[in-house]
Each structure stands twice: as structure tokens, then as C-alpha cells.
Amino acid sequence: MSDQVFDKPLNTWIEEEIEIPSMEPIIDKRGNVAGVKQRTTKATRKTHYSKLSDPQKMSCFEKDHSWYIPDPHIHIAHCKNCVKKQYLRAVFEKIVDGKIIDRDTLIQIV
């Protein structure tokens, strides 16, 4: 994560100055286009910054996942704490108390 602070006001309309790139054709004496001159034009626009949601955790630590299966016909386990998904091999693995364990040895896999 960066240590930068968002320094613009939230939930209010502000006017920001932006630069718009533009190209102007260079026309020779015969009326033909001889080249293009590139320049930038400054303009202002109204902008509204709003805070829509709190930051979310993208992934848990490897042993902190709490797995569940929303659809038993599709063998994909979802974590309750983050957005990660895991393919569950139902013949070899099962979910007990939110952890994926091996059916034979009862050792936690993920």
C-alpha cells in the first residue's frame, strides 16, 4: 500500500484544471497539409469525488481462509473473508469448520 494521502475534498463539486492534447494542421502555400503541430490546451471541468465503500481485503493469509460451498453441485469453495475461490476435489477433500482437510489423513490442506 502506498503512503499517499488523497488530498481532494470528498462529496463536493470542485473545478479542476486539465490539459487537453490537440493537433493543428500546418498548411503550405498551395493549400496542402504539410505537417501537424501538437499542442495542449488547458481547460477546467467539474469533478465530484465520493467515497463509496470501505477498503476490502483482497486475500487472507493462507491458513486464515474460512471456506464454504454455496452450490454443492459446483465444486468451488468460496472464502467468507475475502474474494478467493478454491477448486474442491470432493472425493479427496472436505470442508470442516471452514477449513479444507484431506478425507484420509484429516490434515488441513488449505
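The values are calculated or read from the model by the stated rules, or taken from the named source; none is laboratory data. This one's a predicted model, so the numbers in the text were calculated from it and none came from an experiment. Glycine gets a Cβ as well: all are built from the backbone with ideal geometry, and neighbour counts include every protein chain shown.
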If a residue must be small (Gly, Ala, Ser) and assigned to a loop (DSSP other than H, G, I, E, B), how many such residues does the range 1-27 contain? 1
Options Gln56, Gln38, Gln4: the member that is exposed (fewer than 10 other Cβ atoms within 10 Å of the Cβ) and at pLDDT 90 or above: Gln38
The residue from Arg30, Arg39, Arg89 that alone is among the basic types (Lys, Arg) and in a strand (DSSP E or B) is Arg39
Considering (1) exposed (fewer than 10 other Cβ atoms within 10 Å of the Cβ); (2) over 30 Å from the mean Cα position of the chain (by Cα); (3) among the aromatic types (Phe, Trp, Tyr), say which one Phe92 fails and leave the rest. (1)
Working only within the range 72-86, note down all residues that are under 20 Å from Arg103 (Cα atoms) and assigned to a loop (DSSP other than H, G, I, E, B). Pro72, His73, Ile74, His75
If you check His65 against the conditions, is it assigned to a loop (DSSP other than H, G, I, E, B), surrounded by 10 or more Cβ atoms within 10 Å (Cβ to Cβ), at pLDDT below 90 and not polar (S, T, N, Q)? yes
Within the range 14-51, how many residues are aromatic (Phe, Trp, Tyr) and more than 25 Å from the chain's Cα centre (by Cα)? 0
The range 68-81, residues that are of a type outside the set (A, V, I, L, M, F, W, C), closer than 19 Å to Phe92 by Cα and either touching a Lys or Arg at 6+ places or on another chain (Cβ under 7 Å) or surrounded by 10 or more Cβ atoms within 10 Å (Cβ to Cβ) (or both): Tyr68, His75, His78
